[in-house]
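Novice: My structure is below; once you've seen it, I'll send some questions.
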Amino acid sequence: MSERRSFGPREMHKAVCADCGKECDVPFVPKEGRPVYCRDCYTKHRKY
Ligand SMILES: [Zn+2]
């Protein structure tokens, strides 16, 4: 049985942005020791 949800709620995890310190939700499990960035900071850091 396979259940397909095109727009089901994605599992979000609470995390604190390593850059601005803002609380944010990420669609993956934040790994310990790995910095998590909010959307803004993520795009910012991706450029480098
Ligand atoms: Zn941030």
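Novice: Identify, by number, the condition in (1) within 9 Å of the ligand (Cβ to nearest atom); (2) modelled with pLDDT of 90 or more; (3) surrounded by 12 or more Cβ atoms within 10 Å (Cβ to Cβ) that Tyr42 doesn't meet.
Specialist: (2)
Novice: Which ones in the range 22-39 are near the ligand (Cβ under 9 Å from one of its atoms) and loosely packed, with under 10 Cβ neighbours inside 10 Å?
Specialist: Hits for the range 22-39: nothing passes.
Novice: Only one of (1) modelled with pLDDT of 90 or more; (2) within 11 Å of the chain's Cα centre (by Cα) fails for Lys22. Which number is that?
Specialist: (2)
The values are calculated or read from the model by the stated rules, or taken from the named source; none is laboratory data. Everything quoted here is computed from the prediction, not taken from an experiment. Note: ideal-geometry Cβ built from the backbone for every residue, glycine included; neighbour counts use all protein chains shown.
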